[in-house]
1. Under a point spin-label approximation (7 Å from Cα along Cα-to-Cβ), what is the B:Asp157-B:Gln63 distance to one decimal in nm?
2. Taking K and R as +1 and D and E as -1, what net charge do the other residues with C-beta under 12 Å from the C-beta of A:Glu19 add up to?
3. Of the residues B:Val67, B:Val48, B:Val97, which exhibits the maximal mean-square fluctuation in a Gaussian network model of chain B defined by a 10 Å Cα contact cut-off?
4. Cross-chain or 8 or more residues apart, Cα under 19 Å: how many lysine pairs in the protein assembly as shown fit that? Count them up, please.
5. Nearest 10 degrees is fine. How inclined is helix B:7-32 to the longest principal axis of chain B, computing both from alpha carbons?
6. Within 10 Å of each Cβ of A:34-40, how many other protein chain Cβ atoms are there on average?
7. Work out the mean other chain Cβ neighbour count within 10 Å for the residues of A:111-117 and drop it here as an integer.
8. Modelling each spin label as a point 7 Å along the Cα-to-Cβ direction, I'd like the B:Ile21/B:Val197 distance in nm, to one decimal.
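Bear in mind these aren't lab numbers, they're just calculated from the coordinates by the rules spelled out. Model, not experiment: these values are computed from the prediction. When we count neighbours, we look across all protein chains shown, and the Cβ atoms used for this are built from the backbone with ideal geometry, even at glycine.
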Amino acid sequence: QGATVAFGGIKSDTSQPVEVTADQLAVNQTDGTATFTGNVVVIQGDLRLGATTVRVEYAKDDRTKVERIVASGGVTLASAAEAAEAKDAVYTVANGQVVMTGDVLLTQNGGTIAGQKLSVDLKTGTGQMDGRVRTVISPKGSQ
Amino acid sequence: MAIPDNLHSRVVFWLKILLPILALAILSTLFLFSRRIDTEGALPYSEVDVTELARDQRLTDPQYSTVTDDGSALSVAAAVARPGTGDADGGAADDLVMRYDTQDGLRIDLEATSGQIDQTGGQAILRDGVTITTSTGYKLTTSGLDAALDRTKVVSDGAVTATGPLGRIDAGRMELRHGDAGIDGYVLIFNDGVKLVYQPVK
């Protein structure tokens, strides 16, 4: 079963500059993919993504357009209001979709939702959680 | 011989006198009034200080090209090169330009103000500000780097700033070499802390 989630906080402005810090970066000169390894932090506006490895894949035709960002090895995606944790995450830039898989834990102003797969649409700010969804709402209601 | 009476003979008579005098005059201008030739300016002397040239052996505009183990053509050129003293010191060069042309079409251009060729170590040590440009659109600047002569491998020894399709990158060190097993083609690796700023094109 799934639960739709309002994801107001993680609506990010995808035109803002992206800043990535990591221990190491390897850029494959043939197909242009860039692999950041070692506590990688990606910051865009107030959206912040932390992971151990982040691979940035570029569009085949235009080397400057980022096509997909694949983060793995324990990912935390946080924004002003919400934070989500999972094993892996894939962010497709074109349609602004973030799909997090593997023990996803989403904390939202007081409530937490756990599940196996969370897909978030950054443009509209809505999310869909699937697989063994468990919700914990703190008795005092949403502060 | 008296002056003849008819016109024709009189004219011929005067011509016989005037024409030789005229010839004499023309001949004399050829030798007496000739232009002064300044022998000083004629020979172009080169300004290079001969003693300095003789003092140290040097090669001007040396070129060195080879094919590396991984099959890329490497060419090294410099403005001036001075041979080294011992076998370890392979000689120093100024305004060094190196170029790798790999088999899969990647071209790497290195430029440095000064460098040393370490023949035994099989590498060129570039110093005093090196710029690296790759055909994949990366432009990197660093203080110094070691470029291998026997294979396509470039390792910077200091901090690097780079601009390219990825955006602007600052890193502690940089290495450009053939990918490890499994990765075909060449890999540009930044380590010792990387910071990248990418401006999404709108």
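1. Label-label distance for B:Asp157 and B:Gln63, simple model: 2.9 nm.
2. Working: positive: A:Arg48, B:Arg168, B:Lys195; negative: B:Asp170.
Residues near A:Glu19 contribute +2 overall.
3. B:Val48
4. Total qualifying Lys-Lys pairs in the protein assembly as shown comes to 12.
5. The helix B:7-32 is inclined about 40 degrees to chain B.
6. Numbers: counts 10, 3, 3, 3, 3, 0, 1.
Neighbouring Cβ atoms belonging to other protein chains average 3 per residue here.
7. On the way: counts 0, 0, 0, 0, 0, 0, 0.
Counting Cβ atoms of other protein chains within 10 Å of each residue's Cβ and averaging gives 0.
8. Placing both labels 7 Å along Cα→Cβ, they lie 9.6 nm apart.
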